[in-house]
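Below is one structure, written out as structure tokens; the observations come after it.
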Amino acid sequence: MGATAPVMRLRAPRWKDPRLIVGIVLVLASVLMGALLVSRLSATTSVLVARGPIVPGDPLESADLATVELRLGDHREQYVGTLEAIPEGAVATQTVQAGELVPVSAVGQSQDVPLRPVVIPVEATVAESVVPGSSVELWHTSPSVDDGGTGEAELLVPDAVVRRIDEGSSLGMRSMSVEVLVPADDLAAVLEVLSQDERLDVIGVPGAHGVTP
């Protein structure tokens, strides 16, 4: 008879085997990390949103803000979560449109806003895109030198922000005007044009929602 081949016997794994222990730890760690990640992504966070347009220099008050619950994930630190997080006397340093979240970067003090308010009288109805919080251009049209000629138009301020619009009175006792915020560096040029009673047009920028100083 031929020689009988040796029979290989499988040994049951021992619980004290280091490789088995390491494997169990790795599996448990991956499951725990996955659960924490899912929980973090699905968790909601309180965050402030603007009830209406907020322009640079506007005080950040409770009447103009609302609290909502959103899933922001890793972006939650970029937005203001509660009214208590806003320092006393804080103002907006950039435009926040109605329904937008309030960024932490939009909260500051009045000295952080390099814009100045100017009231621009207008002779005709402005475009629909010219609304509070929108970005607009200010165009200056110089008077014609010769009779019958046309004046030249130049872009005076490319990045003004509309603060409010006064529709004027229906009886014509008060004309329409637009209050805009202009960079401090452009203030002198705007005031010079207004002092000479020359034409200054407020032109809307389609698709623009305001500027960050």
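The values are calculated or read from the model by the stated rules, or taken from the named source; none is laboratory data. This one's a predicted model, so the numbers in the text were calculated from it and none came from an experiment. Cβ placement follows ideal geometry from the backbone for every residue including glycine, while neighbour counts extend to all protein chains displayed.
Remarks
- You will find that of Val119, Val131, the residue that is touching a residue at least 40 places away in the same chain (Cβ under 8 Å), part of a loop (DSSP other than H, G, I, E, B) and in the same structural domain as Arg199 (by TED's automatic domain parsing) is Val131 and no other.
- Scanning segment 58-113 for residues being out of contact with any strand residue (DSSP E or B) (no Cβ under 7 Å at 6 or more places or on another chain) and part of a strand (DSSP E or B) gives a total of 1.
- Gly149 being touching a helix residue (DSSP H, G or I) at 6+ places or on another chain (Cβ under 6 Å), at pLDDT below 95, over 23 Å from Glu179 (Cβ atoms) and surrounded by fewer than 16 Cβ atoms within 10 Å (Cβ to Cβ): no
- Of all the numbered requirements in (1) in a strand (DSSP E or B); (2) more than 26 Å from Ile203 (Cβ to Cβ), Val136 misses one, and that requirement is (2).
- Restricting attention to segment 73-107 and to residues that are of a type in the set (Gly, Ala, Ser) and crowded, with 19+ Cβ neighbours inside 10 Å, the residue that is nearest to Val55 (Cα to Cα) turns out to be Ala92.
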